[in-house]
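**Q** The structure's right below; bear with me while I get my questions together.
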Protein chains: 2
Amino acid sequence: MGNSRLILALDVYELKKALEIAESTAEYLWAVKVNWPLIIGSGLEIITELKERTGLPVIADLKLADIPNTNRLIASKVFEAGADYIIAHGFVGRDSVKAVMELGKTIIVVEMSHPGAEEFIQPVTDRLIELANELGPFGVIAPATRPERVRYTRSKLMPGIKVITPGVGVQGGSAREALNAGADYIIVGRAIYESENPGKAAKRIYEEIGG
Amino acid sequence: MGNSRLILALDVYELKKALEIAESTAEYLWAVKVNWPLIIGSGLEIITELKERTGLPVIADLKLADIPNTNRLIASKVFEAGADYIIAHGFVGRDSVKAVMELGKTIIVVEMSHPGAEEFIQPVTDRLIELANELGPFGVIAPATRPERVRYTRSKLMPGIKVITPGVGVQGGSAREALNAGADYIIVGRAIYESENPGKAAKRIYEEIGG
């Protein structure tokens, strides 16, 4: 849906089920996000097929974190398969991120919310945001589990760069709070795909956030 | 070969060619390293097939850098396919690394050598080495392009944890120097697989390093 701000994290690993859930929720989504377990289980064709079946943008959540040449090789195959956006880590440095950005729209991880993120990632979030401001990617990833961090990220980030927030729903983040804090898009996974009626669950969240 | 210290970085993306090169070089290798472009091009079966054809350990160079649950999901599929070792980033924190270590033998990235690594990775290499010392993985990755850094890493690392060094050959690192500096295994890619006779090239390096 053109005005939706909802991204479905399609973290199910059976091709048929993945396609069913995507189709039954598509009208309430802005985009579908796939990650490595689904890609290695179903092949890159899952991206092409998802786009055909739903007409929605597909975000490949690869968390790319390799040297520029390897990032480039991976990204070229995934963009060729039809991915519209690739998520890459900023902490491997600007050359590695640029290698992805030269091939297509890129979303940079500037913060993560699991406990281990406090060790190395969170201490450099400010510098990762600066990196994003210099490079001008499509967007950055900042977790919805802490709305004050979404607000902070938004305040430091150049206008035009989108803030995309996972962690809504089962992980405890509130969609409304994340959007109020400045998120442009929220990513919801289990609260939709583990629901008995994913279409209904997606509709409820879509309406809740005033899509 | 049991006493070899040579790892082939099999960065070719055609299944048939990959298997041919692996078979023609196997007798000079300790292990074969595969990365994402080959896995997404050929499917996870490439790992199973490589093991069957060569009898060598397979290292999956995934540079895993996600939250613990996603790292776990990816690692479980790749270990199930027959990978003996998985390469994961330390940068995402100990919980993410532990999620991989609980499933199988793990190699932690503590340093990288591309220019962008100077921004965020190299400043925390000491702490990434400490992390490895606490967790006790199979080994760590430290680039051969700077032997003094291999020596430094070895000096800080607990005995028993292996030092594995990419960057030998076309990237400029010397195999002999890397081993003298304390590397346990060296990773060679293009100098072998781009050679007209990969078997001969692997043999030459194997003999050069006194395998």
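Each value in this text was obtained by applying a stated rule to the coordinates, not by laboratory testing. Just so we're clear, the structure is a prediction, and the values are computed from it rather than from any experiment. A quick note on method: Cβ atoms are made from the backbone with ideal geometry, for glycine too, and the neighbour counts reach across all protein chains shown.
**Q** Can you find, within segment B:1-17, the residue that is surrounded by the most Cβ atoms within 10 Å (Cβ to Cβ) among those that are outside any strand (DSSP E or B) and within 14 Å of chain A (Cβ to nearest Cβ)? Quick ask: steps written out before the conclusion?
**A** Kept after step one, since they are outside any strand (DSSP E or B), are these residues of segment B:1-17: B:1-5, B:10-17.
Narrowing the set further to residues that are within 14 Å of chain A (Cβ to nearest Cβ) leaves B:10-15.
Working: B:LEU10: 26, B:ASP11: 19, B:VAL12: 22, B:TYR13: 16, B:GLU14: 12, B:LEU15: 16.
Residue satisfying both the conditions and the ranking: B:LEU10.
**Q** Additional query: Looking at segment A:100-115 only, could you name the residues that are at the interface with chain B (Cβ under 9 Å from one of its Cβ atoms) and among the aliphatic types (A, V, I, L, M)?
**A** Our first condition is that a residue be at the interface with chain B (Cβ under 9 Å from one of its Cβ atoms); within segment A:100-115, this holds for A:109, A:112-115.
Selection gives A:VAL109, A:MET112.
**Q** Checking the condition more than 22 Å from A:ILE205 (Cβ to Cβ), among the hydroxyl-bearing types (Ser, Thr, Tyr) and in contact with a helix residue (DSSP H, G or I) (Cβ under 7 Å, 6 or more places away or on another chain), which residue from A:THR125, A:THR106, A:THR165 passes?
**A** Result of the check over A:THR125, A:THR106, A:THR165: A:THR106.
**Q** In the set B:LYS51, B:LYS105, B:LYS63, which member is surrounded by fewer than 22 Cβ atoms within 10 Å (Cβ to Cβ), touching a residue at least 12 places away in the same chain (Cβ under 8 Å) and under 15 Å from the mean Cα position of the chain (by Cα)?
**A** B:LYS105
**Q** Moving on to the next point. Mind telling me which of the residues A:VAL97, A:VAL78, A:VAL124 ends up being over 21 Å from B:GLY93 (Cα atoms), within 8 Å of chain B (Cβ to nearest Cβ) and either of a type in the set (Ser, Thr, Tyr) or crowded, with 19+ Cβ neighbours inside 10 Å (or both)?
**A** Just one listed residue meets the conditions, A:VAL78.
**Q** Across segment B:31-75, what is the total count of residues that are within 12 Å of chain A (Cβ to nearest Cβ) and touching a Pro at 6+ places or on another chain (Cβ under 6 Å)?
**A** So the count comes out to 2.
**Q** Moving on. Mind checking which residues of segment A:162-178 are under 24 Å from B:THR70 (Cβ atoms) and surrounded by fewer than 22 Cβ atoms within 10 Å (Cβ to Cβ)?
**A** Taking segment A:162-178 first, the residues under 24 Å from B:THR70 (Cβ atoms) are A:162-175, A:177-178.
Once the filter is applied, which keeps residues that are under 24 Å from B:THR70 (Cβ atoms) and surrounded by fewer than 22 Cβ atoms within 10 Å (Cβ to Cβ), segment A:162-178 yields A:LYS162, A:VAL170, A:GLN171, A:GLY172, A:SER174, A:GLU177.
**Q** Pick from B:GLU118, B:GLU130, B:GLU148: which is surrounded by fewer than 19 Cβ atoms within 10 Å (Cβ to Cβ), outside any loop (DSSP other than H, G, I, E, B) and away from every other protein chain (no Cβ under 14 Å)? Full working, then the answer.
**A** On the way: B:GLU118 fails: away from every other protein chain (no Cβ under 14 Å); B:GLU130 fails: away from every other protein chain (no Cβ under 14 Å).
Every option except B:GLU148 fails the conditions.
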